[in-house]
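Before any comments, here is the structure.
The values are calculated or read from the model by the stated rules, or taken from the named source; none is laboratory data. All of these numbers come straight from a predicted model, not from anything done at the bench. Glycine gets a Cβ as well: all are built from the backbone with ideal geometry, and neighbour counts include every protein chain shown.
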Amino acid sequence: MKKVYKLLLAGVFILSLAGCSRAGRTKESTSGQEKKVLIEQYLRIKSQNGQNIIVSLNGSPAAQSLYNQLPLSVRIENYSDNEKIFYPPKKLETEGTPPAKGPAGILAYYAPWGDVAVFYGECRGASGLYELGETVSGRDQIKNLKGEVKIEAMTKSDSK
């Protein structure tokens with residue numbers, strides 16, 4: 001009887017350790033389903049002539065794909081009358097990424113062409129245009145971006 005009791009106790013102990021190993025990586029919702037804990041991610045766009053723009057990423061698959069490619073040095077180009085664009089080296093994963101539409105400051109990915117757009121005017125939306133995040137600092141500087149820029153990853157503490 002003591003052996004059974006000890007085995008049962010050991011089993012409970014092992015199960016409790018297994019439950020602890022998930023701490024910090026997932027969070028249980030009220031419906032009982034697990035969901036990932038999002039870590040806030042930012043990127044900084046630095047130009048050669050002093051612009052410094054900070055973007056808060058939305059945690060989508062496309063935003064994560066871009067973040068994983070940082071740091072980048074890219075050429076930023078004018079496009080239309082409301083956005084600047086650049087081309088990341090690899091295509092971004094768009095499945096599960098929300099469509100882009102909204103005020104100035106939106107960072108978006110246009111999948112058909114493979115470019116990332118930084119909107120200094122309203123983002124009117126389009127088929128294949130996905131939202132990556134939103135500018136939290138330097139929105140008024142986007143229109144003046146030109147030439148080579150550096151894009152680097154940031155932590156939450158760096159963004160303050």
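Data for the structure
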item	result
Which listed residue is touching a Pro at 6+ places or on another chain (Cβ under 8 Å), of a type outside the set (Asp, Glu) and surrounded by fewer than 18 Cβ atoms within 10 Å (Cβ to Cβ), from GLY114, GLY121, GLY102	GLY114
Output for the range 67-84, where each listed residue is free of Cβ contacts under 8 Å to residues at least 60 places away in the same chain and closer than 19 Å to LYS101 by Cα	TYR79, SER80, ASP81, ASN82, GLU83
Enumeration of residues in the range 48-58 that are in contact with a Leu (Cβ under 7 Å, 6 or more places away or on another chain) and at pLDDT 95 or above	VAL55, LEU57, ASN58
Flag if SER127 is assigned to a loop (DSSP other than H, G, I, E, B) and either of a type in the set (A, V, I, L, M) or out of contact with any Phe, Trp or Tyr (no Cβ under 7 Å at 6 or more places or on another chain) (or both)	yes
Residue that is under 15 Å from ILE142 (Cα atoms), in contact with a helix residue (DSSP H, G or I) (Cβ under 6 Å, 6 or more places away or on another chain), assigned by TED's automatic domain parsing to the domain that holds THR135 and assigned to a strand (DSSP E or B), where the choices are VAL118, VAL55	VAL118
The one condition in (1) free of Cβ contacts under 8 Å to residues at least 24 places away in the same chain; (2) in a strand (DSSP E or B) that GLU134 fails to fulfil	(1)
Boolean, LYS91 is more than 14 Å from the chain's Cα centre (by Cα), part of a strand (DSSP E or B) and modelled with pLDDT of 95 or more	no
